[in-house]
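These notes are about the structure you will find just below.
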Amino acid sequence: MPLSLKAVKKRLVAARETGRGIGFRFSARFPRYSFIGNAFSREHAAVSLGIAEHYRRIRAGNEQFSLRRRIHMLEKGLSMRPRRTTFAVDYIEETLDKLASCKRQGVLGQEMSAWARDVLAEYFVATAESTSKAIVRARARFEQIDLTSEICHNVGPHPAGRAESHLDFASLKGLVLSRESVRWFSAQSVPRTSIDSALDLAVEAPTACNRVPYRFLVFDDARDAQRVAAIAGGTTGYVENIPALAVLVGDLSAYVDERDRHLIYIDGSLAAMNFLLGLQAQGLASCCINWPDVRRREKQMSKLLGLLPYERVVMLIAFGFADPLGLVPGSPKVSRDQYRQYPGLPVKEEARGHSE
């Protein structure tokens, strides 16, 4: 029986994904920069292996990063003004494929189920008058997928300002300016409830297409924290004083393109700042520890923490209750004129001609 055009296209896409996955695994073994030096070889290998793992999970039907990206794209479409009655035709069926597959694999959490449920429900209301066959088919499939979740409230698109801030600028400024890089801590242990509260703020930081490509490995036993922190190298002289440590690890398997290789550092750093302020607001001190791109240290850290080949450390964060007798570097920042510009852009020729 001859295959339909859709089935042929699906097989071709699968073959392309398999080929790219194999290609990137090969690329990881032979970094293109190795002939002039190995400074980029570890990143090259991690990026390649991350993309290969991304395609492997797609073939296995449990790739959640691309599903989160598709749901986010639908949200952005629903947020456009004016809202269109036909959009996302190119990927709505693929989104339902990924959703159904992840559901079968049992990898959808409560939050993801609720988010997909609410966004897709709103999407099919918005496109109710569309004559697109792809949308009609997707709607029928959506009605057959059970997205029951313990989260009952709407987590989809909503008017701006739903969560009103009760923090004025002066209070925010006070919080930011009160945060210092503390290296001398008391021996008092940090409650996990406080750590988790700060992490809950960390994950609220924006990430590209809401993929959340990182995880925090938290060591709240002082011996473990000091053992891990010692690998960084920049902790000499105070590492024995660190009571707790978080290692922020980026996941390069969240992406399918090399162009996105820097997003783990951008998204991870945004999350780290939320984490630092979350700690500070609870009376906890912190210190960011730079992670060096040094082969020996990376191998040591990866082995100790059991990191996957496509995971890279973004930074370490020491935290705890500050020792009131410890000193903190002043570290004054540069003046506003050194970091702020309002450059403007030259007027386009057509705009100048129109005004004349």
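The values are calculated or read from the model by the stated rules, or taken from the named source; none is laboratory data. Fair warning: this is a prediction, and the values are worked out from it, not measured in the lab. Methodologically, a virtual Cβ is constructed for each residue, glycine included, from the backbone with ideal geometry; neighbour enumeration extends over all protein chains shown.
Just one of the listed residues (114, 88, 138, 60) is in contact with a Ser or Thr (Cβ under 7 Å, 6 or more places away or on another chain), of a type in the set (A, V, I, L, M) and within 28 Å of residue 253 (Cβ to Cβ), namely 114.
May I ask you to list the residues in the stretch 70-95 that are more than 16 Å from residue 127 (Cα to Cα) and at pLDDT below 95? Residue satisfying the conditions is 94 alone.
Applying the set (1) farther than 24 Å from residue 106 by Cβ; (2) surrounded by 15 or more Cβ atoms within 10 Å (Cβ to Cβ); (3) touching a residue at least 40 places away in the same chain (Cβ under 8 Å) to residue 139 leaves exactly one unmet item: (3).
Of the helices (runs of 4 or more DSSP H) that lie entirely inside the stretch 87-189, those containing 1 or more residues that are touching a helix residue (DSSP H, G or I) at 6+ places or on another chain (Cβ under 9 Å), of a type in the set (S, T, N, Q) and not assigned by TED's automatic domain parsing to the domain that holds residue 210 span 92-105, 110-126. Scanning the stretch 299-326 for residues that are aliphatic (A, V, I, L, M) and in contact with a helix residue (DSSP H, G or I) (Cβ under 9 Å, 6 or more places away or on another chain) returns 301, 304, 305, 307, 308, 313, 314, 315, 316, 317, 318.
The number of residues in the stretch 240-270 being within 18 Å of residue 192 (Cα to Cα) and among the aliphatic types (A, V, I, L, M) comes to 6.
Assessment of the stretch 208-216 against the conditions (touching a Ser or Thr at 6+ places or on another chain (Cβ under 8 Å) and loosely packed, with under 12 Cβ neighbours inside 10 Å) yields no matching residue.
Take the residues in the stretch 190-201 that are outside any loop (DSSP other than H, G, I, E, B) and β-branched (Val, Ile, Thr), then tell me which one is surrounded by the fewest Cβ atoms within 10 Å (Cβ to Cβ). The extreme case among them is 193.
Residues checked against (1) surrounded by 10 or more Cβ atoms within 10 Å (Cβ to Cβ); (2) at pLDDT 95 or above; (3) under 17 Å from the mean Cα position of the chain (by Cα); (4) not aliphatic (A, V, I, L, M):
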residue	(1), (2), (3), (4)
249	yes, yes, yes, no
270	yes, yes, yes, no
278	yes, yes, no, yes
286	yes, yes, no, yes
318	yes, yes, no, no
323	yes, yes, no, yes
349	no, no, no, yes
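On inspection, residue 77 fails the criterion of being assigned to a helix (DSSP H, G or I) and more than 30 Å from residue 134 (Cβ to Cβ). Looking across the stretch 54-64 at every residue that is under 18 Å from residue 208 (Cβ atoms) and either hydroxyl-bearing (Ser, Thr, Tyr) or crowded, with 20+ Cβ neighbours inside 10 Å (or both), the one that is modelled with the lowest pLDDT is identified as 63.
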